[in-house]
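Below: one structure, written as structure tokens.
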Amino acid sequence: MTLDELLSQPLARVRDDGFSARVALAALRRRQRRQTLLLCAGLAALLPPLAMLPLAESGDVLAASLAGAPLQPYLSLLAAGLILLWALRPRPFRL
Amino acid sequence: MTDDTGAVRRAAAGDAAAFAVLVRLHQSALRGFLRRLTRGDHALADDLAQDTFLEAHRKLAQFQGSGSFSGWLHAIAWSRFLMETRKRKLEPLDDDFAETQGAVPEPASVARLDLESAFAHLRPAERAALTLCFAVGMAHEEAAATLGMPLGTLKSHVARGREKLKILLKDHAP
């Protein structure tokens, strides 16, 4: 066998042995970390404007109007349903 | 050579499964290339391969598709290997050092060497150039682009590497 023939032999096949899974998992974790950081940064950016809003007064007004509302049980159920949906949301929508 | 365009596009759009497919398709070639560059240090080669894939994952949107995806991956791997070599001072990279230190041992001292052992006596750029041009089957132009060097320099590395291997394997040849 000539040197060129020897050199032209393909590299020995390397068995995967979980390498691909480890890399894919590391990439996924990194992506999730990045998304979490972005979410935290977004929330942090929202905090200063929120501090400027008259939320206490708005809360009092909202509480008073909700207490007198005839649909109050339905609103509570709707809120509970939304919270449950958020908690049990499918995996692709999780951050 | 596989056509990875679809998988690359899906992976760049955030499809984790498509990225996993790309890793599975290219892990063997890339780890083999890095094992040869690291002179058989499997642990280091695998660490570099993982870093290469993660960097590729981060930069997938930058992949233009003008060259092959495999070539792009090998270019990242080569750059990672060079960074690691400089950081750890694994071996000399410059030409002068190898020339003055006598990188090619006497044939008598390297009898019974197989190709992989002989490769360990070459400079990194020679190992990379020979591997890409012969074992991986890249054209000289593509190999030069992958290694980020002028075509003439690549050809010099190939020629010098072949000469050294001829000497190293002389006693081993039938």
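Determine, yes or no, whether B:Asp47 is at pLDDT 95 or above, open to solvent by 60 Å² or more (accessible area, probe 1.4 Å) and more than 9 Å from chain A (Cβ to nearest Cβ). Please lay out each step first, then the result.
Values: at pLDDT 95 or above: yes; open to solvent by 60 Å² or more (accessible area, probe 1.4 Å): yes; more than 9 Å from chain A (Cβ to nearest Cβ): yes.
Taking the combined requirement at face value, the residue satisfies it.
For residues in region A:1-55 being more than 23 Å from the chain's Cα centre (by Cα) and among the hydroxyl-bearing types (Ser, Thr, Tyr), which is least open to solvent (accessible area, probe 1.4 Å)?
Per the criteria, the residue is A:Ser20.
With respect to B:Ser109, determine if the residue is at pLDDT 65 or above, part of a helix (DSSP H, G or I) and of a type in the set (Ser, Thr, Tyr).
On the way: at pLDDT 65 or above: no; part of a helix (DSSP H, G or I): yes; of a type in the set (Ser, Thr, Tyr): yes.
Judged against the criteria, B:Ser109 is not a match.
Across region B:137-174, what is the total count of residues that are crowded, with 22+ Cβ neighbours inside 10 Å and either outside any helix (DSSP H, G or I) or aromatic (Phe, Trp, Tyr) (or both)?
Adding up the residues that qualify gives 1.
Looking at region A:10-37, I want the residues that are more than 14 Å from B:Gly32 (Cα to Cα) and have a partner that is among the polar types (S, T, N, Q) with Cβ atoms under 6 Å, at least 6 apart or on another chain. Which pairs are those?
Sorted first by the residue in region A:10-37, then by its partner, the pairs are A:Ser20/B:Gln27; A:Val23/B:Gln50.
So which residues in region B:26-41 are surrounded by 15 or more Cβ atoms within 10 Å (Cβ to Cβ) and either at pLDDT below 95 or over 25 Å from A:Gln32 (Cα atoms) (or both)?
The answer is B:Ser28, B:Ala29, B:Leu30, B:Arg31, B:Gly32, B:Phe33, B:Leu34, B:Arg35, B:Arg36, B:Leu37, B:Thr38, B:Arg39.
Could you say which residue among A:Gly68, A:Gly81 is among the small types (Gly, Ala, Ser), over 27 Å from the mean Cα position of the chain (by Cα) and over 28 Å from B:Gly14 (Cβ atoms)? Lay out the reasoning, then the answer.
On the way: A:Gly81 fails: over 27 Å from the mean Cα position of the chain (by Cα).
Going through A:Gly68, A:Gly81 in turn, just one is among the small types (Gly, Ala, Ser), over 27 Å from the mean Cα position of the chain (by Cα) and over 28 Å from B:Gly14 (Cβ atoms): A:Gly68.
The values are calculated or read from the model by the stated rules, or taken from the named source; none is laboratory data. Since we're looking at a predicted model, the values are computed, not measured. Every residue, glycine as well, gets a Cβ built from its backbone with ideal geometry; the counts of neighbours run over all protein chains shown. SASA here: full protein model, heavy atoms, side chains in, ligands and nucleic acids out. Shrake-Rupley method; radii C 1.70, N 1.55, O 1.52, S 1.80 Å.
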